[in-house]
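Take a look at the structure below.
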Amino acid sequence: MNGTGFEEVAEQVWRRRGTGRKLAVVGSIHGDEEAGATVIREILTADDRLWRRAGPVDLTLAIGNPLALEQGTRFSAGGRDLNRIFGAGELDTSDYEGARASTLMESLGHAEVLLDLHQTACSTPPVAVIEDTQNHLRLAAGLGVAHAVVGIEAVYSGTMIARWMDARGGLGLTVETGQKGREEARAAAFEIVRRFLTAGSTAGARGGRIRRYRLRAPWISPGSGVRFDRPLGNTSRIRAGERIGQTDEGPLTSDTDAVIFLPREGAPVGTPCMLLADDEGVLSV
Ligand SMILES: [Zn+2]
C-alpha cells in the first residue's frame, strides 16, 4: 500500500478502498494516448486535499495497456485493439491484449461507475462517447464535458470497456479529453477525474447542460490520399455541396450537412475519412 492508501491489486491496477460508491478510472487503454496514464499517476500520489473533496469513494485506477504504452503504440506489436474486445462471449486470452482484457475485467468488475480516458489524433474539445441515457448524459455534464456523442454502435463493431460496464448494470463513460500529446488533453483529463471523484460518487449527479450528437455513418473515402482544404476536428461542421478537400482521384465533396468526428487525412480508399453525425442541440440534464 502506498502513502495515499492505494494497493496494487493486479499489474498496474490500484485500488483505494472506501465505504462510498465504487468508481474506476482507466487510462491509456490505447498506448499512444499517454495522458490517461499520466493523470492516473498524479491521482496515485495526490495529497489530502483531493481525498477530502472525494470523501469515502472506493476508487480503482488502471493503466489500460501497459505494454502498448511502453511501445508508444495503439496496441502492442502484433496485437489488437484492446478497447474492442470487452465482454465478447469467448475472449481469446492467448495474446497480450486478450490476457489484459481478462485482467481488467477481473480487477474492475466490482466497480459501479467506470470512466475511460482517451485522446484523439485530431483536434477536439473534451467529448463523452456514451450510451444515450439520462444517467450517462447527467454524469458527463457533471464532469464539465460539454459534448456527448451517442450511437457509436452505428459505426464501430466490437465492445469497448465502458460498454462492458454498462452491460453489467453499471455506468460506463468513454471521454476523449483532447488531442494526443497536447498538455490541454492532460489538464482536461485531470479536471474530469477530479470532478468524477465527487460527481461520480453520488447516484444523482448534479447534471448540467450538454450538447448531444448522434452518429449517423462513417464517410468512406472514395479515393486515396485524402487531404482536407481546411483544418477539421471533432465537432467541425460541413455543408451539403461543400468541397471538403481532395483525393488523388478528384475533389472530396460533401453531399450532406453534418457535424463530423475523427477526420482522418490519408485514410486509405474504402476506409472512413470521418464520421458523420447530427447535432441534436443542447440538453438540460
Ligand atoms: Zn483511444
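Could you count how many residues in the stretch 165-181 are on the phi < 0 side of the Ramachandran plot, part of a loop (DSSP other than H, G, I, E, B) and away from the ligand (no atom under 14 Å from the Cβ)?
Total satisfying the criteria: 2.
So, in the stretch 85-97, how many residues would count as being buried (at least 17 other Cβ atoms within 10 Å of the Cβ), more than 15 Å from the ligand (Cβ to nearest atom) and under 20 Å from V9 (Cβ atoms)?
Total satisfying the criteria: 1.
When only residues in the stretch 43-81 that are assigned to a helix (DSSP H, G or I), modelled with pLDDT of 95 or more and crowded, with 20+ Cβ neighbours inside 10 Å count, which is farthest from the chain's Cα centre (by Cα)?
This residue is I43.
For K22, which of the numbered conditions (1) surrounded by fewer than 23 Cβ atoms within 10 Å (Cβ to Cβ); (2) without any contact (Cβ under 8 Å) to a residue 60 or more places away in the chain fails to hold?
(2)
Under the condition of being part of a helix (DSSP H, G or I) and within 16 Å of the ligand (Cβ to nearest atom), which residue from the stretch 136-164 is surrounded by the fewest Cβ atoms within 10 Å (Cβ to Cβ)?
Top of the filtered list is I152.
Could you run through the stretch 82-105 and say how many residues are assigned to a helix (DSSP H, G or I), in contact (Cβ under 8 Å) with a residue 12 or more places away in the chain and more than 20 Å from the chain's Cα centre (by Cα)?
To start, the set of residues in the stretch 82-105 that are assigned to a helix (DSSP H, G or I) comprises 82-84, 96-105.
Next, only the ones that are in contact (Cβ under 8 Å) with a residue 12 or more places away in the chain stay: 82-84, 96-98, 100-101, 103-105.
Still in the running and more than 20 Å from the chain's Cα centre (by Cα): 96.
The number of residues fulfilling the criteria is 1.
Can R206 be described as away from the ligand (no atom under 16 Å from the Cβ), closer than 20 Å to G55 by Cα and either assigned by TED's automatic domain parsing to the domain that holds I238 or in a loop (DSSP other than H, G, I, E, B) (or both)? Break it down stepwise before answering.
Values: away from the ligand (no atom under 16 Å from the Cβ): yes; closer than 20 Å to G55 by Cα: yes; either assigned by TED's automatic domain parsing to the domain that holds I238 or in a loop (DSSP other than H, G, I, E, B) (or both): yes.
Considered against the rule, which asks whether it is away from the ligand (no atom under 16 Å from the Cβ), closer than 20 Å to G55 by Cα and either assigned by TED's automatic domain parsing to the domain that holds I238 or in a loop (DSSP other than H, G, I, E, B) (or both), R206 comes out as yes.
Answer yes or no: is there a residue in the stretch 169-182 that is over 20 Å from H30 (Cβ atoms) and surrounded by fewer than 22 Cβ atoms within 10 Å (Cβ to Cβ).
Taking every residue of the stretch 169-182 in turn, at least one turns out to be over 20 Å from H30 (Cβ atoms) and surrounded by fewer than 22 Cβ atoms within 10 Å (Cβ to Cβ).
Find all pairs meeting these conditions: Cβ atoms under 8 angstrom apart; at least six residues apart or on different chains; first residue within the stretch 112-125 and more than 14 Å from V259 (Cα to Cα) and within 15 Å of the ligand (Cβ to nearest atom); second residue assigned to a strand (DSSP E or B) and among the charged types (D, E, K, R).
Pairs that qualify, where the first residue is more than 14 Å from V259 (Cα to Cα) and within 15 Å of the ligand (Cβ to nearest atom) and the partner is assigned to a strand (DSSP E or B) and among the charged types (D, E, K, R), are H118/E176; Q119/E176; T120/E176.
The values are calculated or read from the model by the stated rules, or taken from the named source; none is laboratory data. Just so it is clear, the model here is predicted, and its values are computed rather than measured. Note that each Cβ is placed from the backbone with ideal geometry, even for glycine, and that neighbours are counted across all protein chains shown.
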